[in-house]
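Working notes for the structure below.
FYI, it's all coordinate maths here, none of it is from the lab. Treat the numbers as computed from the prediction; the structure is a model and nothing was measured. Here Cβ is always computed from backbone atoms with ideal geometry, including for glycine, and neighbour counts include all displayed protein chains.
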Amino acid sequence: MSEKFEDHQIRDKIQIDYKYTMGGQSKFFIELMKNKKLHGTKCTKCGKIWMPPRKNCSECYTPAEWVEISHTGTIEVSTIVWYGAAEFIKNVPYGCGFIKLDGVDTALFQGIFSENLVPSKIKKGRRVRAVFKKPDEREGKMTDFFFVPEDEYEIWANKPEFEGGE
Ligand SMILES: [Zn+2]
């Protein structure tokens with residue numbers, strides 16, 4: 001006669017302390033954190049400007065060099081987020097989308113915040129500008145900055161927890 005198996009379980013936690021590297025993209029995050037600058041890369045052969053930056057041009061496979069990018073751009077496509085992971089849940093609802101910064105050939109995916117978040121406020125073609133967290137809050141992560149509609153820039157840049165770029 002077989003005895004019914006009884007599984008004994010104990011609740012425990014695993015804490016993992018680790019680092020990860022941004023590798024060849026490090027300059028982008030360092031300049032963002034320290035100087036509120038957005039850096040992309042420019043292909044040394046075909047001249048295509050990449051944002052997010054790429055070490056090598058994905059069109060012609062030639063090394064690209066760092067270039068400073070404008071803080072203003074145009075929304076290519078966007079949506080409103082109603083559900084997010086732990087880090088973003090406090091911001092829900094918020095916008096996000098692909099933004100083509102002025103002078104750049106590719107689009108960057110980033111958060112778009114608005115005082116009046118309705119689809120028309122963040123639709124394709126809308127002009128946006130970057131707003132940054134305060135220096136002691138910036139960690140060298142994509143969440144160090146976000147975009148706002150250009151007509152709301154002064155409102156966001158003057159909030160106590162944020163600041164504008166140059
Ligand atoms: Zn190229």
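Answer yes or no as to whether Ala107 is within 15 Å of the chain's Cα centre (by Cα) and more than 18 Å from Asp151 (Cα to Cα).
The answer is yes for Ala107.
When region 10-51 is examined, which residues are found to be crowded, with 18+ Cβ neighbours inside 10 Å and either β-branched (Val, Ile, Thr) or touching a Leu at 6+ places or on another chain (Cβ under 6 Å) (or both)?
Across region 10-51, the qualifying residues are Thr41, Ile49, Met51.
Looking at Thr79, Thr74, which is the one that is over 26 Å from Lys27 (Cβ atoms), part of a strand (DSSP E or B) and either in contact with a Phe, Trp or Tyr (Cβ under 8 Å, 6 or more places away or on another chain) or not acidic (Asp, Glu) (or both)?
So the residue among Thr79, Thr74 that is over 26 Å from Lys27 (Cβ atoms), part of a strand (DSSP E or B) and either in contact with a Phe, Trp or Tyr (Cβ under 8 Å, 6 or more places away or on another chain) or not acidic (Asp, Glu) (or both) is Thr79.
I'd like to verify a number: residues in region 82-99 that are of a type in the set (Val, Ile, Thr) and buried (at least 17 other Cβ atoms within 10 Å of the Cβ), how many?
Number of matching residues: 1.
Could you list, in sequence order, all residues of region 108-132 that are in contact with a Lys or Arg (Cβ under 7 Å, 6 or more places away or on another chain) and in contact (Cβ under 8 Å) with a residue 40 or more places away in the chain?
Phe132 - this is the single residue of region 108-132 that is in contact with a Lys or Arg (Cβ under 7 Å, 6 or more places away or on another chain) and in contact (Cβ under 8 Å) with a residue 40 or more places away in the chain.
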